[in-house]
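Below you'll find the structure, written out as structure tokens, and then a few comments.
Readers should treat all values here as calculations from the given coordinates under stated rules, not as data from a laboratory. Keep in mind that this is a model prediction, so the values were computed, not measured. Backbone-built Cβ (ideal geometry, glycine too); neighbour counts: all protein chains shown.
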2 protein chains.
Amino acid sequence: MPPLLDASASEAVAPCCPPLTERPFTAEEAETAARMFKALGDPVRLRLFSAVASHKGGEACVCDISDVGVSQPTVSHHLKKLKEAGLLTSERRGTWVYYRVEPSVLAAMGRLLTLTPAAA
Amino acid sequence: MPPLLDASASEAVAPCCPPLTERPFTAEEAETAARMFKALGDPVRLRLFSAVASHKGGEACVCDISDVGVSQPTVSHHLKKLKEAGLLTSERRGTWVYYRVEPSVLAAMGRLLTLTPAAA
């Protein structure tokens, strides 16, 4: 499945999709964007995502965000899902894996929700 | 379940949630926001949503958006789901029900994805 961002040009990233209000999405665009929305469509996953996103330095390990009321294996499971959806990146440092929000992906999702004149 | 927007003060709407990068979401905030993301987490539903959102005048009936490759009852089913999630409003005019994007809800979702200094 194609990523939301085309990172083939190394640093330069191109959002997959226009604003939702600009024109009807193609099937391929919808597949890509729906995958990201779906990943945030679970309350526990969304809480964990905001816990990572708002953590000092923009990154967190499982050890930092254990106060969501689910077990550590469940936290790890959800973080892995968010990573698979391209919303988080991860890096192992010593005992822990640190997760970080991918700011360009957040920005691309935000762009999808931009209002264009057609919807005004 | 609480709406994403508090519309109790008639015209003035207050977004349910801060940006995802500002602080960890509470359970209640996550429930509300996840419901909206989940509604957009299906490719067919996302295509229909963008078809409505980008249609002339910002509204469309089932008769306008039949080119997504699913049956008309399926289109109606998905539009109803989007309405239940608070992303669309509807109005019957004659034979057809017209669906319209709720711009304030789109804006509130966009705000969730705003980057704050913590994530930079």
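Label points for B:SER76 are taken 7 Å from Cα along Cα→Cβ. From this copy to the others they lie 4.9 nm apart, shortest first. Put a plus charge on the Cβ of each Lys and Arg, a minus charge on the Cβ of each Asp and Glu, and nothing anywhere else: the dipole of the stretch A:25-112 about its Cα centre is then about 180 debye. The distance from the alpha carbon centre of the stretch A:43-120 to that of the stretch B:46-120 is 26 Å, rounded to a whole number.
How high is the relative contact order of the stretch B:25-112, in percent, with contacts defined as C-alpha pairs under 8 Å that are six or more residues apart?
Contact order relative to length: 29 percent.
Note on A:LYS81: aspartates and glutamates with a C-alpha under 17 Å away, same-chain residues under 8 apart excluded, are A:GLU31, A:ASP42, A:GLU59, A:GLU91, A:GLU102, B:ASP42. Anisotropy class assigned to the stretch A:38-105 is rounded, per the alpha carbon gyration tensor with a/c under the 1.5 cut-off.
Using a simple spin-label model with pseudo-atoms 7 Å out from Cα toward Cβ, A:LYS56 and B:ALA107 lie 3.6 nm apart. Label points for A:THR26 are taken 7 Å from Cα along Cα→Cβ. From this copy to the others they lie 4.4 nm apart, shortest first.
Run down the lysines and flag those whose C-alpha is under 21 Å from the C-alpha of A:LYS83, throwing out any fewer than 8 positions away in its chain. Of all the lysines, those that pass the test against A:LYS83 - Cα under 21 Å, at least 8 places apart if same chain - are A:LYS38, A:LYS56, B:LYS38.
Across identical copies of the chain, A:ALA107 has label-point separations of 2.3 nm, listed in ascending order, with the point defined 7 angstrom from Cα along Cα→Cβ.
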